[in-house]
Amino acid sequence: MWWLGGLLFIVLAPFVGGLLSGIDRKITARMQGRIGPPVWQAFYDVAKLLQKENLVVRPTQKMYMDFFLVFTIFTGVLFFSGGDLLLVIFALTMAGVFFVLGGYKASSPYSFIGAQRETLQMMSYEPAVLIAAVGIYMVTRSFQVAQIVHHPTLIIKDLPGVFFAFFFILTIKFRKSPFDLSTSHHAHQELVKGITTEFSGRTLAKIEIAHWYEYVFILGFVYLFFASNPVLGVAMALLAFFCELVIDNISARVRWQWLLAASWGVAFVAGGANILYLMLKG
Amino acid sequence: MGALSKSPWIIHYDGSSCNGCDIEVLAALMPRFDLERFGVINTGNPKHADILLLTGSINEQNKSVVKNIYDQMPHPKVVVAVGICATSGGIFRECYNVQGGADKVVPVDFYVPGCAVRPEALIDAAVAAVALLDKKRDAMKAGKA
Ligand code: SF4
């Protein structure tokens with residue numbers, strides 16, 4: 001029944017992801033003293049985008065975003081059907097690369113800068129994700145997600161530093177302040193809309209849906225650290241999501257130099273020290 | 001209600017104004033009136049926008065800009081002229097460089113009077129605009145079919 005998780009992911013993740021993004025906007029509004037949109041707002045937005053005209057600079061730019069969506073789904077399917085963690089990370093990177101290429105293809109100055117910044121963001125989070133995979137392997141002796149979830153003890157107990165490094169880069173993956181350089185979750189910003197500037201209508205809807213899939217995949221990754229206790233795992237994944245909202249609302253966007261230095265610093269210091277300790281412990 | 005009316009994203013452009021109406025537009029998005037509860041998002045990107053809010057009058061310098069923003073918005077789209085300046089030129093009407101209201105360059109769907117507009121009038125316009133968005137969408141579909 002290894003395929004069941006993957007199938008459930010394909011069908012359910014958009015609902016969960018869309019709802020999470022609606023809840024995100026509601027909570028953010030409440031934090032700012034506003035009433036905020038209904039929790040279904042994310043679905044309304046996508047339904048609207050599907051009905052709008054699809055303006056493109058070059059027809060091929062749409063294709064890249066199709067691949068972005070397909071590879072994001074592929075990443076999640078691999079993960080939730082218990083596949084190889086390293087392959088999951090490669091698929092995730094692949095999806096990111098198509099997203100960046102789409103931004104370059106549209107060739108407007110805004111999407112160009114957005115694509116460059118997205119590349120930098122990928123560079124920033126990649127070490128922490130890889131260290132997380134290595135750390136998990138050292139504890140469980142397996143890269144197979146199916147075996148990792150059945151590990152008898154809480155993985156985070158041996159990997160607090162690695163988890164901290166992973167948590168740090170969640171902000172990048174969720175596209176939240178202070179690390180929302182390439183495109184922001186919030187509409188108004190100085191780069192117009194960064195990498196998604198030149199996308200509208202159906203294609204923008206696909207990008208949005210890909211982000212929903214991404215949300216669920218990332219929270220699934222957080223769950224992995226607490227997999228021996230499913231209730232705690234789900235609770236911690238939701239708590240991590242809530243922490244991201246708080247961070248988003250209390251911080252301003254940083255420069256890319258700071259982003260790169262901070263995420264690599266945390267990954268190599270906290271994550272690296274953790275790995276080193278595991279190695280010495282044997 | 002159709003999907004369009006539940007998620008109207010606006011783009012705001014300020015022509016030749018005194019800034020009074022612009023402040024009111026922003027005030028409508030702030031906690032007290034909170035337009036986002038109707039799904040309104042203030043976007044900076046014409047390609048993501050459904051409603052173009054124009055404040056201030058049209059002059060020689062900004063007429064190509066307004067035209068350009070309008071052309072870049074995907075159909076269906078609605079234009080709202082906010083304040084008396086955007087409606088007719090207002091107090092700037094007699095200036096040598098001012099051409100008049102927003103309808104000199106783009107087809108305006110709604111005129112919101114006031115100097116400056118009241119946020120309540122703006123919300124009223126937004127509600128009317130979303131209804132028209134749905135209508136335009138249906139017309140667009142009928143045209144294609
Ligand atoms: S209508 Fe009045 S308040 Fe609004 S921009 Fe014109 S002069 Fe200013």
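Values as computed for the structure displayed
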{"quantity": "B:Val127 being buried (at least 17 other Cβ atoms within 10 Å of the Cβ) and either in contact with a strand residue (DSSP E or B) (Cβ under 7 Å, 6 or more places away or on another chain) or under 26 Å from A:Val46 (Cα atoms) (or both)", "calculated": "no"}
{"quantity": "Flag if A:Leu191 is within 14 Å of another protein chain (Cβ to nearest Cβ) and either within 25 Å of A:Thr75 (Cβ to Cβ) or assigned to a loop (DSSP other than H, G, I, E, B) (or both)", "calculated": "yes"}
{"quantity": "Residue that is modelled with the highest pLDDT [pool: residues in region B:21-50 that are crowded, with 19+ Cβ neighbours inside 10 Å and of a type in the set (Gly, Ala, Ser)]", "calculated": "B:Ala49"}
{"quantity": "Test result for B:Cys18, within 12 Å of the ligand (Cβ to nearest atom), at pLDDT 85 or above and assigned to a helix (DSSP H, G or I)", "calculated": "no"}
{"quantity": "Residue identified as over 29 Å from B:Pro46 (Cα atoms), touching a residue at least 60 places away in the same chain (Cβ under 8 Å) and buried (at least 23 other Cβ atoms within 10 Å of the Cβ) among A:Leu159, A:Leu154", "calculated": "A:Leu159"}
{"quantity": "Yes/no for B:Lys104 being basic (Lys, Arg), away from the ligand (no atom under 15 Å from the Cβ), surrounded by fewer than 18 Cβ atoms within 10 Å (Cβ to Cβ) and farther than 23 Å from A:Thr197 by Cα", "calculated": "yes"}
{"quantity": "Every residue from region B:1-31 that is more than 9 Å from chain A (Cβ to nearest Cβ) and of a type in the set (D, E, K, R)", "calculated": "B:Asp14, B:Asp22, B:Glu24"}
{"quantity": "A:Arg25 vs. criteria charged (D, E, K, R) and at pLDDT 85 or above", "calculated": "yes"}
{"quantity": "Leading residue by the ranking (farthest from B:His12 (Cα to Cα)) among those in region B:36-60 that are assigned to a strand (DSSP E or B) and within 7 Å of chain A (Cβ to nearest Cβ)", "calculated": "B:Ile41"}
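The values are calculated or read from the model by the stated rules, or taken from the named source; none is laboratory data. Note that the structure is a prediction, hence the values are computed from the model and not measured. As a convention, Cβ positions derive from the backbone with ideal geometry for all residues, glycine included, and neighbour counts pool all protein chains shown.
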